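Student: I'd like to ask you about the structure that follows.
The values are calculated or read from the model by the stated rules, or taken from the named source; none is laboratory data. Model, not experiment: these values are computed from the prediction. Please note: Cβ atoms are built from the backbone with ideal geometry, for glycine as well, and neighbour counts cover all protein chains shown. Please note that ligands, DNA and RNA were not included when accessible areas were found on the heavy atoms of the full protein model with its side chains. Shrake-Rupley method; radii C 1.70, N 1.55, O 1.52, S 1.80 Å.
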Amino acid sequence: MDKFNPADRIQDLQYFGEFGGVNPSISDSSTYTFLSAKTMFDTFEGNAEGCYLYSRHSSPSNLYLDKALAAMEGTESANVAASGMGAITPTLLQLCGNGDHIVSSRTIYGGTYAFLKNFAPRMGVKTTFVDITKLDVVEAAITPNTKVLYCETVSNPLLEVADIASLAKIAKKHNLKLVVDNTFSPLSVAPAKLGADIVIHSLTKYINGSSDTVGGVVCASQEFINALKNVNDGASMLLGPTMDSLRSASVMKNLRTLHIRMKQHSHNAQYLAEKFEADGIKTVYPGLKSHPSHEIYKTMINPEYGFGGMMTIDVGSLDKANELMELMQQRNLGYLAVSLGFYKTLFSAPGTSTSSEIPLDEQAEMGLTDGLIRFSIGLDNDIERTYTMMKDCMKELSILNSEPSIK
């Protein structure tokens with residue numbers, strides 16, 4: 001990680017538009033013409049470099065973004081998709097079939113959890129959910145039928161940190177593919193450099209950063225990306241989660257400011273987390289020394305981009321959580337909304353939103369409490385002002401005690 005700077009990799013990319021534009025030209029076509037039937041045949045077989053057949057398979061605009069994201073993650077290749085789930089589900093279905101087994105972190109995005117628990121079994125793929133921070137438990141869950149070890153760099157919503165280097169050793173020992181969702185920590189962590197085989201992002205979040213589109217990407221070896229796009233048995237090709245060229249071009253433009261945004265997201269989240277913890281609020285943030293994986297995470301990140309913009313606090317009950325979020329929204333401190341990576345702070349109660357697919361008893365078992373609020377901290381210019389206003393909201397609702405008046 002010391003010599004790998006993903007922002008530099010993005011900076012060094014240079015594409016020229018068809019007419020010399022500084023932005024690559026957008027290919028607004030679903031199908032492409034050929035000067036010879038032989039070239040069409042070769043393209044269909046995947047043997048014609050620089051030729052395009054049909055946009056569900058690939059398009060110039062999507063390939064520009066593919067190359068940029070592969071450069072960012074330090075992988076050979078990448079394949080963008082129309083949503084984060086459009087990246088996750090084909091990847092797992094490409095790797096697993098009837099009778100296969102997955103070992104997954106228990107705290108993952110609710111949609112991924114629902115897919116693994118409720119949908120994948122219909123195709124004969126079973127999953128064991130484990131505490132990803134306990135390496136002995138992870139290894140004990142592996143069976144002869146296990147094909148994939150799945151985790152998130154920083155888990156949704158509890159912000160547990162996966163020790164990717166150690167998990168990669170376990171995966172290699174048992175001949176498994178380590179698949180890592182890196183949505184919460186772009187630029188900060190490069191999982192492929194730590195041993196992950198496949199890195200996934202929901203582009204909807206930080207990478208796009210403007211909450212105006214959904215998208216996903218799979219970053220991996222050229223061999224695996226080719227397999228995903230194979231016209232005969234590739235999961236991405238046959239399931240069709242194709243990103244639109246106009247959206248791809250939009251994400252590409254936003255990617256260029258990711259390094260600036262991530263620094264500010266991290267700076268603001270670190271400030272608020274330290275303040276709230278000092279106030280006595282139960283606060284979870286990987287940048288706090290109190291976080292159980294703080295020291296491990298310090299060894300994983302590129303410190304230039306910090307510990308990320310995601311933070312949780314626990315205010316004791318769902319009623320208090322809802323009251324606080326509604327009041328903060330009224331005071332223009334952010335939006336009561338799911339997702340993350342927006343320029344404004346977003347907050348939600350995960351148990352009744354992004355993780356509602358997880359049964360209540362399992363939420364309790366993993367520590368997802370009713371009073372938990374997940375924050376995606378925004379790009380606020382004056383974070384001290386933001387803190388003061390948030391603290392006033394907490395005092396007003398008796399989440400924090402008002403300081404005694406001076407007589």
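Student: Which ones in the stretch 170-190 are in a loop (DSSP other than H, G, I, E, B) and either among the acidic types (Asp, Glu) or buried (at least 23 other Cβ atoms within 10 Å of the Cβ) (or both)?
Tutor: Matches in the stretch 170-190: Asn182, Thr183, Phe184, Ser185, Pro186, Leu187, Ser188, Val189, Ala190.
Student: Does the stretch 157-169 include one or more residues that are closer than 19 Å to Gln94 by Cα, in the same structural domain as Gly195 (by the TED database) and not polar (S, T, N, Q)?
Tutor: no
Student: Considering only the stretch 204-306, give the helices (runs of 4 or more DSSP H) lying wholly within it that have at least 1 residues that are out of contact with any His (no Cβ under 7 Å at 6 or more places or on another chain) and under 26 Å from Phe375 (Cα atoms).
Tutor: Where helices (runs of 4 or more DSSP H) fall fully within the stretch 204-306 and carry at least 1 residues being out of contact with any His (no Cβ under 7 Å at 6 or more places or on another chain) and under 26 Å from Phe375 (Cα atoms), they are 245-255, 258-278, 294-300.
Student: Taking into account only those residues within the stretch 191-207 that are without any contact (Cβ under 8 Å) to a residue 60 or more places away in the chain and surrounded by fewer than 24 Cβ atoms within 10 Å (Cβ to Cβ), which is nearest to Lys3 (Cα to Cα)?
Tutor: Gly195
Student: Can you spot a residue in the stretch 82-91 that is in contact with a Cys (Cβ under 9 Å, 6 or more places away or on another chain), at pLDDT 95 or above, surrounded by fewer than 22 Cβ atoms within 10 Å (Cβ to Cβ) and not basic (Lys, Arg)?
Tutor: no
Student: Quick check on this structure: which one of Ser210, Ser221 is assigned by the TED database to the domain that holds Ser248, in contact (Cβ under 8 Å) with a residue 40 or more places away in the chain and either closer than 18 Å to His259 by Cβ or buried (at least 21 other Cβ atoms within 10 Å of the Cβ) (or both)?
Tutor: None of the other options fit; the residue is Ser210.
Student: If you scan the stretch 4-36, which residues turn out to be part of a helix (DSSP H, G or I) and either under 22 Å from Thr242 (Cβ atoms) or open to solvent by less than 60 Å² (accessible area, probe 1.4 Å) (or both)?
Tutor: Listed by number, the residues that qualify are Pro6, Ala7, Ile10.
Student: Kindly provide the set of residues from the stretch 109-146 that are among the charged types (D, E, K, R) and either closer than 19 Å to Asn182 by Cβ or open to solvent by less than 60 Å² (accessible area, probe 1.4 Å) (or both), ordered by number.
Tutor: Of everything in the stretch 109-146, those that are among the charged types (D, E, K, R) and either closer than 19 Å to Asn182 by Cβ or open to solvent by less than 60 Å² (accessible area, probe 1.4 Å) (or both) turn out to be Asp131, Glu139.
For (1) in contact with a Ser or Thr (Cβ under 6 Å, 6 or more places away or on another chain); (2) within 28 Å of Val189 (Cα to Cα); (3) outside the structural domain of Ala165 (by the TED database), each residue gets a yes or a no:
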| site | (1), (2), (3) |
| --- | --- |
| Leu238 | no, no, no |
| Ala273 | yes, yes, yes |
| Pro292 | no, yes, yes |
| Leu318 | no, no, yes |
| Met325 | no, no, yes |
| Gln330 | no, no, yes |
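Student: With touching a strand residue (DSSP E or B) at 6+ places or on another chain (Cβ under 6 Å) and modelled with pLDDT under 95 as the only criterion, which of Leu149, Leu159 stands out?
Tutor: Leu159
Student: Could you list, in sequence order, all residues of the stretch 316-336 that are outside any helix (DSSP H, G or I) and at pLDDT 95 or above? So that I can check it myself, show each step before the final result.
Tutor: Residues of the stretch 316-336 outside any helix (DSSP H, G or I): 316-317, 331-336.
Within the stretch 316-336, Arg331, Asn332, Leu333, Gly334, Tyr335, Leu336 meet the criteria.
Student: Residue under question is Ala165, and the condition is that it be modelled with pLDDT of 95 or more, touching a Leu at 6+ places or on another chain (Cβ under 6 Å), aliphatic (A, V, I, L, M) and surrounded by fewer than 20 Cβ atoms within 10 Å (Cβ to Cβ); does it hold? If you could, list the steps in order and put the result at the bottom.
Tutor: Numbers: modelled with pLDDT of 95 or more: yes; touching a Leu at 6+ places or on another chain (Cβ under 6 Å): yes; aliphatic (A, V, I, L, M): yes; surrounded by fewer than 20 Cβ atoms within 10 Å (Cβ to Cβ): yes.
So Ala165 passes the test.
Student: So the check is Cβ under 7 Å with 6+ separation or different chains; which pairs have a first residue in the stretch 379-407 that's assigned to a helix (DSSP H, G or I) and a second one that's β-branched (Val, Ile, Thr) and modelled with pLDDT of 95 or more?
Tutor: none
Student: Report every pair of residues separated by at least 6 positions or lying on different chains whose Cβ atoms are under 6 Å apart, first residue within the stretch 161-190 and under 25 Å from Ser266 (Cα atoms) and touching a residue at least 12 places away in the same chain (Cβ under 8 Å), second open to solvent by less than 10 Å² (accessible area, probe 1.4 Å) and aromatic (Phe, Trp, Tyr).
Tutor: The qualifying pairs are Val161/Tyr297; Val179/Tyr150; Pro186/Tyr206; Leu187/Tyr305; Ser188/Tyr305.
Student: Arg106 passes all but one of (1) at pLDDT 95 or above; (2) under 27 Å from Ala165 (Cβ atoms); (3) open to solvent by 20 Å² or more (accessible area, probe 1.4 Å); which number fails?
Tutor: For Arg106, the failing item is (1).
Student: Identify, by number, the condition in (1) in contact with a helix residue (DSSP H, G or I) (Cβ under 8 Å, 6 or more places away or on another chain); (2) buried (at least 19 other Cβ atoms within 10 Å of the Cβ) that Asn230 doesn't meet.
Tutor: All conditions pass for Asn230, except number (2).
Student: I need the full set of residues from the stretch 154-178 which are under 12 Å from the mean Cα position of the chain (by Cα) and either under 17 Å from Leu69 (Cα atoms) or of a type in the set (Gly, Ala, Ser) (or both), in order please.
Tutor: Hit for the stretch 154-178 is Ser155, nothing else.
Student: Lys275 versus (1) out of contact with any helix residue (DSSP H, G or I) (no Cβ under 8 Å at 6 or more places or on another chain); (2) among the basic types (Lys, Arg); (3) surrounded by 16 or more Cβ atoms within 10 Å (Cβ to Cβ): which is the lone unmet condition?
Tutor: (1)
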